[in-house]
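The values are calculated or read from the model by the stated rules, or taken from the named source; none is laboratory data. Quantities reported herein were computed from a predicted structural model and do not represent experimental measurements. Because the Cβ atoms are built from the backbone with ideal geometry, glycine has one as well, and the counts that use them run over all protein chains shown.
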Amino acid sequence: MSDLPLAGRRVALPESRELDLFANMLLKRGAEVVRCPLVAIHDAPDQQPILDWLQQFNSQPWDDFIVLTGEGIHRLLTASERAGGSVRDEFIARLAQVRKITRGPKPGAALRTVGLKADLVAVEPTTAGIIRTLQSEELRGRRIAVQLYGSDPNLLLMDFLREAGAEVTAVAPYVYADDVEDARVDALIAEMATGRLDVIAFTSATQVRRLFQIARRSVGEQALRDILRRLKIAAVGPVVAGELRERGLQVDLMPSSSFFMKPLVRELVKQLGTRPSDNGLH
């Protein structure tokens, strides 16, 4: 048996912000990685609203900042740096002053890159979790900034805050380029159908939704489910696993507690770390 525990395994990796890190961890363990652009993230094409929001956030007193994604913090920091002058330093200083409410662990990790941490973490990493966390609080008159994800206006959260009497401002610092490279997604589906892949590893619910969106226009959702059921399916955490289960799929691999890349790689090694001929993978 090879000293590389994943030698001979072929792993499909939907693209993400940390794709290279994830892919390299698998390559070092001998796996062959098949990449696919299920999610591509770009700065918002019109940066002026982002700059206007930064100026408003930096110059006015805010009580709370709801951070929905780590990606949003990274993009706002990048935008503030591009703005030049003292904008980035002022943004970090204002972040330190407000109560930072995060949807899950990734926003907290992004805040730690500038020496900050979440003050309040949602009871579960969803919009509903944010709402449940704040439901018992008096929000009337509070000034709340919200970082949105993608181009989703998140009316559920915004309506909740406004109906509770809060003054709200929102920023959407990035977009998902989910209308590009459809052909590569179709190619991945075709590759999965051949049986030459061992596992597909999902790291965000958006990747799952994107895959089914493309399949709906090509092979059909039921055909995609049938194809995926012939593979092992790995999920980085319960939110991703829930997205898969809602589509009638079984999640075979998931970290038991710490929902990050390294624990997912360890789980892949634990479950797949033998030669393909030594286990009944399919």
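The number of residues in the stretch 220-257 that are part of a strand (DSSP E or B) and without any contact (Cβ under 8 Å) to a residue 24 or more places away in the chain comes to 0. Filtering the stretch 204-219 to residues that are outside any helix (DSSP H, G or I) and buried (at least 16 other Cβ atoms within 10 Å of the Cβ) leaves SER204, VAL219. Output the qualifying pairs, or none if there are none: Cβ atoms under 6 angstrom, residues six or more apart or on different chains, first residue in the stretch 83-105 and in the same structural domain as GLY129 (by TED's automatic domain parsing), second residue in a loop (DSSP other than H, G, I, E, B) and buried (at least 18 other Cβ atoms within 10 Å of the Cβ). Hits for this filter: VAL98/TRP62; LYS100/ALA118; THR102/ALA118; ARG103/LEU68; ARG103/ALA122; ARG103/PRO125; GLY104/PRO125. Of the helices (runs of 4 or more DSSP H) lying entirely inside the stretch 25-122, those carrying at least 3 residues that are under 17 Å from the mean Cα position of the chain (by Cα) and within 15 Å of ALA170 (Cβ to Cβ) are 70-83. Quick check: is even one residue across the stretch 56-75 in contact with a Pro (Cβ under 6 Å, 6 or more places away or on another chain), crowded, with 19+ Cβ neighbours inside 10 Å and not assigned by TED's automatic domain parsing to the domain that holds GLY104? No; the residues of the stretch 56-75 include none that is in contact with a Pro (Cβ under 6 Å, 6 or more places away or on another chain), crowded, with 19+ Cβ neighbours inside 10 Å and not assigned by TED's automatic domain parsing to the domain that holds GLY104. Confirm whether PRO49 is under 21 Å from THR206 (Cβ atoms) and surrounded by fewer than 20 Cβ atoms within 10 Å (Cβ to Cβ). Spelling it out, it is not the case that PRO49 is under 21 Å from THR206 (Cβ atoms) and surrounded by fewer than 20 Cβ atoms within 10 Å (Cβ to Cβ).
I'd like to verify a number: residues in the stretch 13-28 that are of a type outside the set (A, V, I, L, M, F, W, C) and either modelled with pLDDT under 80 or in contact with a Pro (Cβ under 9 Å, 6 or more places away or on another chain) (or both), how many? Selection size over the stretch 13-28: 5. Entry remark, the stretch 123-142: residues being surrounded by fewer than 17 Cβ atoms within 10 Å (Cβ to Cβ) and more than 23 Å from the chain's Cα centre (by Cα) number 6 in total. Note on the stretch 85-122: among residues that are among the basic types (Lys, Arg) and surrounded by fewer than 17 Cβ atoms within 10 Å (Cβ to Cβ), the one that is farthest from VAL67 (Cα to Cα) is ARG112. Listed by first and then second residue, the pairs with beta-carbon distance under 8 Å, at least 6 apart or on different chains, first residue in the stretch 143-154 and within 13 Å of THR102 (Cα to Cα) and at pLDDT below 95, second among the aromatic types (Phe, Trp, Tyr) and in a strand (DSSP E or B), are TYR149/TYR174.
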